[in-house]
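All remarks here apply to the structure that follows.
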Amino acid sequence: MYVRARAARLAVAASAAVAALAVAAVPAAAVPPGLSGSGAPGFLEPADLPPHPSSDWSAGPVTAGQPDPLPMCVGDALPSTSAHRRYWTEYDTGALQVTVVERDEGRAAAFAALLRDGLADCARTLADQDPEVTATQRYYGRLDVEEGADVFGVHTGTTWGASDVALFSVGRDGRIVTVVQWGQMGALADAPVDAFEATTVTAVGKLS
């Protein structure tokens, strides 16, 4: 289903070109309680991401707070207690992982559901914002890892010819919730769904 939408280029792809300079110039903020120390949830390593045919992945540090720019459709729900890590290649492909430790499993389950709802209605939400962008979305299903993870795809196109694709996943292990985003120029048919699902399983497995 195609709908009118606002997305003007995916934030992950747009930030990939400057991520290396930003990481070098800005020191990592202190990671919030629950996300630091020997019992802290782990984050993806560059080798865990879907392989790029022409470039290795690089990664910044784990950084406290909401990512800037926020990922579309889930960014507004991310609390200040989030921690995130950015990843990039040399060819305008980028990724992001955001992790939140909730006070208990009930709050974590509710938060994961909120994020899933935001992604399930992503194209419709974007449709209310800008008539110059179209969006399509797809749900790829639920993965059997810990308390489960759901995978979504979103394609955006603009009247001036831009075309971007993003994959998202929301996973939970106990009271820890993680969101993974991958993005580049292209269409849904270009997205490495199987490899991204493997990345998601690895991400959730590293939460505890």
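List of remarks:
- Using the Cα coordinates of the stretch 64-208, the gyration tensor eigenvalues translate into equivalent-ellipsoid semi-axes of 25, 16, 14 Å, sorted from longest to shortest.
- Backbone N under 13 Å from the LEU114 label point (7 Å along Cα→Cβ), restricted to the stretch 171-208: 177
- Neighbourhood net charge (10 Å Cβ-Cβ; Lys/Arg +1, Asp/Glu -1) for VAL145: -3
A short reminder: the numbers here are calculations on the coordinates, not readings from a lab. For clarity, every value in this text was computed on a predicted model and none was experimentally measured. All Cβ positions, glycine included, derive from the backbone under ideal geometry; neighbour counts span all protein chains shown.
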